[in-house]
Each structure stands twice: as C-alpha cells, then as structure tokens.
Amino acid sequence: MTGTWDVGPFDNDTAGDFGVSLDTAAPGERAGIVDRALARAVDAVGCLDAPGAEEAVAAAALVAGQCHGGEPVDPVHGPAEPLPDLTALRELAARALRRVMAEPSELMTLWSASAEDDNWRTQIRNLRGVLEPQPPEEQGALF
C-alpha cells in the first residue's frame with residue numbers, strides 16, 4: 001500500500017499527517033480533533049474510506065495509550081506535543097475500531113490483500129483489548 005511502511009497505527013502517511021495536525025493545533029483543540037476523527041469513522045455511511053479509517057486507528061491508539069495497559073504512541077511517527085486526557089473517548093475509540101473492522105471498510109480490504117494482514121489485525125485486536133477490557137468474571141480471579 002502506498003504511503004504505508006508498517007502495521008502500527010502511525011505507520012502510514014495519513015496517520016502521520018493526523019499527528020502533525022494535532023501538533024500544530026492549539027492545545028485546547030486537540031481533544032476535539034481526536035473526537036472528530038473517531039466520530040467520522042463511527043458515523044460513516046457505506047464504505048469507510050481508507051484515509052478515514054487510518055485516522056480513526058491513529059486516534060484510537062492515542063486514546064488507548066492513555067488507558068491502563070495501553071502502549072504510549074511513539075512521538076517519532078505520532079504527535080510530539082502533549083495531549084489532554086483522552087480517556088473519556090475510550091468507548092468512542094472502541095466503536096471506531098469496530099467500524100474499521102466491519103464491512104465495508106476500504107482499509108480492511110486493502111490489508112486483506114497484504115502479506116502483513118495478520119500482523120495488522122493483531123495490532124487492531126491489541127488496541128481493542130485495551131479499549132474494551134474483559135469483564136472481571138472473564139479475567140479470572142486475582143489471588
């Protein structure tokens with residue numbers, strides 16, 4: 001895929017541009033930018049286009065990075081400027097990832113034709129695992 005160099009949420013040109021837009025925005029506007037990227041994916045009618053899905057995955061990774069068990073986003077490819085608390089967007093981020101992985105999704109179709117499809121799907125599953133934690137009864141007892 002053109003403009004994609006790996007399976008991570010910020011390993012493509014669209015997500016890199018999204019990170020730059022966050023860095024150049026006023027601090028008070030950054031949460032809204034993340035919120036709108038997630039909402040666009042959730043509200044997409046018909047086929048979710050690849051750029052919209054790539055932004056949603058990047059935005060979801062930023063939210064997941066602030067949640068317990070989440071991996072911080074690498075500032076080399078993601079935004080370098082500090083972000084506000086995005087954890088209130090957790091449910092929206094999970095819904096956006098579900099939409100990215102539901103038909104029709106151009107990004108999912110593009111990855112399915114790639115040798116890295118399994119690795120990309122693992123990345124999405126890992127993000128969803130942070131954003132959609134298992135209910136306590138499924139986690140096992142902690143003794």
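Here, each number is a calculation from the coordinates, and none is a lab measurement. As the structure is a prediction and not an experimental result, all values here were calculated from the model. Glycine also receives a Cβ, built like all others from the backbone with ideal geometry; neighbour counts cover every protein chain displayed.
Figures for the structure shown
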{"read-out": "From the options Asp6, Asp17, Asp11, Asp43, residue that is out of contact with any His (no Cβ under 6 Å at 6 or more places or on another chain), closer than 16 Å to Ala93 by Cα and either in contact (Cβ under 8 Å) with a residue 12 or more places away in the chain or not polar (S, T, N, Q) (or both)", "value": "Asp43"}
{"read-out": "Residue check for Val45: within 24 Å of Thr24 (Cα to Cα), hydrophobic (A, V, I, L, M, F, W, C) and loosely packed, with under 15 Cβ neighbours inside 10 Å", "value": "no"}
{"read-out": "Criterion: more than 28 Å from Ala115 (Cβ to Cβ) and not aliphatic (A, V, I, L, M) - qualifying residue of Pro9, Pro51, Pro27", "value": "Pro27"}
{"read-out": "Subset tally (residues that are assigned to a loop (DSSP other than H, G, I, E, B) and crowded, with 22+ Cβ neighbours inside 10 Å) for segment 74-103", "value": "3"}
{"read-out": "Selected residue (criterion: farthest from Asn126 (Cα to Cα)) from residues of segment 11-60 that are assigned to a loop (DSSP other than H, G, I, E, B) and in contact with a Pro (Cβ under 9 Å, 6 or more places away or on another chain)", "value": "Gly46"}
{"read-out": "Only listed residue being within 13 Å of the chain's Cα centre (by Cα), under 13 Å from Leu97 (Cα atoms) and among the hydrophobic types (A, V, I, L, M, F, W, C), chosen from Ala56, Ala44", "value": "Ala56"}
